[in-house]
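Reviewing the structure listed below.
The values are calculated or read from the model by the stated rules, or taken from the named source; none is laboratory data. Owing to the predicted nature of the structure, the values given are computational and were not obtained by experimental measurement. Cβ sites come from the backbone with ideal geometry, for glycine too, and all protein chains shown count toward neighbours.
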Amino acid sequence: MNRREMFTALMNHEEVGHILIDHGKQVGSIHKSAYPAIREIMGLPAIETPEILDRMSQCVKSDEDLLQAWGVDFRWLAPKWVQVEEIDDKSYKNWFGTLFKDSGDYFAIGSTPCKELDLDGINNYPWPDAADPGIIEGLREEAEYWHNNTDYIIGADGIKGGILQNCLEVRGYDQFFMDFILDPELAHRLLDIMLDLYKDAYTLYLNEIGEYAQILYLTDDFGAQNALLISPDMWREFIKPREAELIKHIKSLAPHIKVMFHTDGSVLPIIEEMVEMGVDILNPVQTSVEELKDTARLNATVGDKICFHGAMDVQNVLINATPAEVKAETARRMKDLGTGGGYIISTCHNISNDIPAENLKTMFETIQQYGSYPLNLDELLP
């Protein structure tokens, strides 16, 4: 059974082949400062200037030799950044006009262009051309190569940001959350504008590469460390219907495609409603939040309804654990979430330079050595 067949079986919650390994998309890559040490410990030659994958996070596009060394089963297509206005070497505006400034390790929001606008101003704002052909430059050829010459699972990485995220970035987090209560008409209108822009962008994208991709990655954070960002009722009114409509649109363009949805944080109360939205795979299963620590219980509770991706904690475990502890943690998550199929293992988020390279080497070696079905992991567990 090849990788693509294993992915299909995994999505049907079958235990076949091995637990699939992922790495290398916009939220799930390596910060440029961490990349040299990782390549060195894996015995790979140094790369003087790695390609930047994500401008904001300053993460790199992992090179093919590292993907092979780590046994990664996916190859991700990366939509291009377009309509970026360069301000100087320390700042830029993205295609929505939000200013980002260099904060040292990454670029952070510097100013929000729509914070002072009323409804008329929102309607008349110069929104970007979401069907900019630059987004897809070179992607069809790349997709055809991976499809015709390998059995890697081809992933369509998300077009940067999400419906809620970009509303927060153009309006300001504080202002947009207040809009839900003080100016709901404006909030609904801004969300609808973002929805329409993303529908146009994904139409362009999937018409180009949809026939080749098996999985598409959407990102839009709903959770904080200990709660949802907004109340469940507000999420149901403002956010859920638009995310559902976008996913429905995506699947109308590529009916075979599986949607993986990235939301950090404490989102247990809405996971089943995310299934209703059309989400097939939950990423990243942030095990650093209290309600998601018990991954065996999570799998027993909702594992028949949704697949899981991630669960290897970059916030506490991979930073602080010994290699032996990393080995045990890797085994624990594979047993908890891989039992019954339906699990793709990966780091919960990007890999920064506070994670010892040895721990990453241990994690991926453990997956490759022990991640085959039938799982036999008890010897690694405390």
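Things to note:
- Of all the residues in the range 245-255, those that are within 20 Å of the chain's Cα centre (by Cα), among the hydrophobic types (A, V, I, L, M, F, W, C) and part of a helix (DSSP H, G or I) number 3.
- One residue stands out among those in the range 80-131 that are of a type outside the set (A, V, I, L, M, F, W, C) and assigned to a helix (DSSP H, G or I): the one that is nearest to residue 174 (Cα to Cα), which is 121.
- For the range 182-200, the condition holds for at least one residue, the condition being that it is under 22 Å from residue 77 (Cβ atoms), crowded, with 22+ Cβ neighbours inside 10 Å and out of contact with any strand residue (DSSP E or B) (no Cβ under 8 Å at 6 or more places or on another chain).
- Selection over the range 326-358 of residues that are more than 19 Å from the chain's Cα centre (by Cα), in a helix (DSSP H, G or I) and within 27 Å of residue 281 (Cα to Cα) gives a count of 11.
- Matching residues in the range 224-244 - criterion: being under 19 Å from the mean Cα position of the chain (by Cα), surrounded by fewer than 21 Cβ atoms within 10 Å (Cβ to Cβ) and not in a loop (DSSP other than H, G, I, E, B): 228, 240, 244
- Helices (runs of 4 or more DSSP H) contained in the range 156-221 and holding at least 2 residues within 18 Å of the chain's Cα centre (by Cα) and in contact (Cβ under 8 Å) with a residue 24 or more places away in the chain: 163-171, 184-209
- Residue within the range 230-237 that is in contact (Cβ under 8 Å) with a residue 12 or more places away in the chain and in contact with a strand residue (DSSP E or B) (Cβ under 8 Å, 6 or more places away or on another chain) present: yes
- Listed by first and then second residue, the pairs linking a residue in the range 49-68 that is within 12 Å of residue 36 (Cα to Cα) and in contact (Cβ under 8 Å) with a residue 24 or more places away in the chain to a residue that is hydroxyl-bearing (Ser, Thr, Tyr) and outside any helix (DSSP H, G or I), with Cβ atoms under 7 Å apart and 6 or more places separating them unless they lie on different chains, are 60/29; 62/29.
- Some residue of the range 311-334 being of a type in the set (Gly, Ala, Ser) and touching a His at 6+ places or on another chain (Cβ under 8 Å): no
- When restricted to residues that are buried (at least 20 other Cβ atoms within 10 Å of the Cβ) and within 16 Å of residue 166 (Cβ to Cβ), the range 65-99 contains 6.
- Test: residue in the range 364-378 that is at pLDDT below 95 and in a helix (DSSP H, G or I): yes
- Qualifying residue in the range 363-375 (condition: farther than 30 Å from residue 35 by Cβ, in contact (Cβ under 8 Å) with a residue 40 or more places away in the chain and buried (at least 19 other Cβ atoms within 10 Å of the Cβ)): no
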